[in-house]
Amino acid sequence: MVLLAPKRGSNVGAACRAIRNMGGGGLVVVGGDFDEGEARRTSVHAADALDARVEAADLAEAVRGCRLVV
């Protein structure tokens, strides 16, 4: 899952929960200035997805190697 310039930590936390609930891969964050504390609080039992996130410089880098981009 790729988040492009997230502004709210709660969005990042919700993405982490979705990844864990759906058995998805990982999280890639492109830019953004979000509150990591809020992301951690709202990730609930998916803090491992938050900790494992990858930071990308731009969208092209974030989707490099992906088979499907929607």
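Just so you know, all these numbers are worked out from the coordinates, no wet-lab data involved. Source: prediction; values computed, not measured.
Taking one equal scatterer on every alpha-carbon of the chain, how large is log10 of I(q)/I(0) by Debye at q = 0.12, 0.26 1/Å?
Reported log10 I(q)/I(0), two decimals: -0.27, -1.18.
Given the options V30, V12, V44, state which has the largest fluctuation in a GNM of the chain using a 10 Å cut-off (strictly under) for Cα springs.
Maximum among the listed residues: V44.
What angle do you read, to the nearest 10 degrees and between 0 and 90, between the alpha-carbon axis of helix 9-22 and the longest principal axis of the chain?
With rounding to tens, the tilt is 80 degrees.
For the range 1-16 and the range 26-70, write down the distance between their C-alpha centroids in whole Å.
Distance between centres, Cα-based: 7 Å.
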